[in-house]
Amino acid sequence: MNIPHSDKKRVVIIGGGFAGLSIAKKLRNKNLQVVLLDKHNYHTFQPLLYQVATGGLEAGSIAYPIRKVIQEYKDFYFRLTSVKEIDTQNQKVISEIGDLNYDYLVIATGSKTNYFGNKEIERNSMSMKTIPQSLNIRSLILENFEQAVLTTNEADKNALINFVLVGAGPTGVELAGALAEMKRAILQKDYPDLDISKMEINLIQSGDRVLNTMSEKSSEAAEKFLVDLGVIVHKNVRVTNYDGRTITTNSDLTFETATVIWTAGVQGAAIHGLNSKSLVERVERIRVNQFNQVVGYDNIFAIGDIASMESEKYPQGHPMMAQPALQQGALLGENLVKLLANKPMKPFEYNDKGSMATIGRNLAVVDLPKYHFNGLFAWFVWMFVHLFSLIGFKNKAVVFLNWVYNYIRFDREGRLIVRPFKKRSFVTFTSDEV
């Protein structure tokens, strides 16, 4: 990897997400050589991916160059690559561009979509964990409308403008709300020759309520907001298959649709090489102790979504959200410095600052440790927190101006098919009129 030799201890960080950048900042200009590896040269602000997918924001406004973050850091290096395996015996990572030895290894690879072993759903549906995936969703949505205006077959037309979102967590709820607002204010103007009233937005949840990780008050408010916006919410329904045209469920309910977006679950983005005792196979997360050390290793750590720190309060590990990742990264950075100085490390304690989700214009739900509220004020709180959390002044300014413009004009000018997208397994519709 062409990393200079150094007499300092080398820390290798795999992943430039919330956790990876959090520890990187804490290791700034310490008596260490730090190497950060990531398959993208930018950090993605994932909570706003749904706005890229629905044309509310451009991709560049929620991404920030990793090299710009670390350009003032001494003896700090970035390499653009995917890590294929960890050789724990020889203390090195094996990547697409070569091998690299480490003294300390930090795994911060985050999470990926969990299809629960259903390969056909994985092949035919869309996921939304990265910027390229969000751009693919945006292109597919718009391409389906362009195709719908060309066909006279009603069944095909309805399938093209029928959207099914599987999973009513924050991502599914926010995406459903954004699509509903597009239907209400934008799509009828863009496609006057289509009957947009026939467009359906179906949100399927296997549990008995939406946003089931939030309070019941917030869950009920979110569902009411969605229904008022025209979203059809299906609870206690589990999707069993999707062949590219038809969704089947564990009930008599079926859907004919060209667009299925899967937000029903996530699992850790694990890397080969660790022993089996270190892995929670069901969710592909890495077991760690209270210092984020991987079980069975003294010099390998895992933080963020990939880490499963089991405790009495969190028997399945901390929630796979930004706050645990940021807090674990910051503390581990301090602990590595203590470890080098032969000082005792501090155990991790998660400070739950709350959770929130936005459903649409003036509509959001917020759960704080002692307060739960929704509506307009919650929407302003949601906007402030997300705006403040973005990296870079330019990104904050661009996102803020976009939000102001979209609010005043009730518009989303990012609805562009920059790069056409077609799923290879997409089922061809029966109409010959296309």
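The values are calculated or read from the model by the stated rules, or taken from the named source; none is laboratory data. Not measured: the values here are computed from a predicted model. No Cβ is skipped: glycine too gets one built from the backbone with ideal geometry, and neighbour counts run over all protein chains shown. With ligands, DNA and RNA removed, areas are computed over all heavy atoms of the protein, side chains included. Shrake-Rupley method; radii C 1.70, N 1.55, O 1.52, S 1.80 Å.
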Label-point separation in nm, Lys74 to Asn153, each point 7 Å along Cα→Cβ:
6.8
List the residues whose amide H sits under 5 Å from the amide H of Met126, counting only those 5 or more places along or on another chain, with H placed 1.01 Å from N in the peptide plane.
Val260, Ile261, Trp262
Cβ-defined net charge surrounding Ala185, 15 Å radius [Lys, Arg +1; Asp, Glu -1]
+2
Hey, what's the chain come to in accessible area per residue, 1.4 Å probe, Å²?
46
What is the extension gain from Ala397 to Asp298, computed as 0.36 nm multiplied by their sequence separation minus the C-alpha to C-alpha distance, in nm to one decimal?
31.3 nm
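In the chain, what % of DSSP beta bridges are antiparallel (nearest 5)?
Just about 50 percent of them are antiparallel.
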Could you pull out the pairs from Lys25/Lys129; Lys39/Lys396; Lys30/Lys68; Lys119/Lys422; Lys39/Lys235 whose alpha carbons sit more than 30 Å apart here?
Lys39/Lys235
May I ask you to list the aspartates and glutamates whose Cα is less than 16 Å away from that of Lys343, ignoring any residue fewer than eight positions away on the same chain?
Asp298, Glu334
Rounded to a whole number, what % of the accessible area of the chain do carbon and sulfur atoms account for, probe 1.4 Å?
51
What order do you get for 2-8, 302-308, 381-387 when each peptide is scored by the mean count of other beta carbon atoms within 10 Å, highest first?
302-308, 381-387, 2-8
Charge dipole of the chain built from unit charges on the beta carbon (Lys, Arg +1; Asp, Glu -1), centred at mean Cα; most positive-end Cα among Gly207, Ile70, Leu279 is Ile70
The ³J(HN,Hα) series, computed from each phi in segment 279-288 with the Karplus coefficients 6.51, -1.76 and 1.60 at θ = phi - 60°, rounded to the nearest Hz and given as x for glycine or proline, is 10, 9, 4, 4, 10, 6, 9, 9, 5, 10
So who's got an amide H within less than 5 Å of the one on Lys9, skipping anything under 5 residues away but keeping other chains? H placed 1.01 Å off N, in plane.
Gln33
For the chain, built as a Gaussian network whose Cα springs stay under 10 Å, the top-fluctuating residue of Asn162, Asn342, Asn202:
Asn342
Set the Förster distance to 25 Å, then compute FRET efficiency between Phe384 and Arg184 from the Cβ-Cβ distance, nearest 0.05.
0.50
Determine the sum of side-chain charges near Gly354: Lys and Arg each +1, Asp and Glu each -1, restricted to other residues whose C-beta is under 10 angstrom from that of Gly354.
0
Taking placed amide H atoms and a strict 5 Å upper bound, the residues 5 or more places from Asn241 or on another chain that come that close are Thr248
Per the charge dipole of the chain (beta-carbon charges, Lys/Arg positive, Asp/Glu negative, Cα centre), the residue among Pro344, Leu80, Ser251 reaching farthest to the positive end is Pro344
Candidates Lys74, Lys157, Lys313; GNM for the chain (alpha-carbon contacts under 10 Å) flags as most fluctuating Lys313
Could you order the peptides 243-252, 210-219 from most to least packed, using the average number of other C-beta atoms within 10 Å per residue?
210-219, 243-252
Residue by residue through segment 327-337, what is 3J(HN,Hα) from phi via Karplus (6.51 cos²θ - 1.76 cosθ + 1.60, θ = phi - 60°)? Round to whole Hz and write x for glycine and proline.
5, 5, x, 5, 5, 5, x, 5, 5, 5, 5
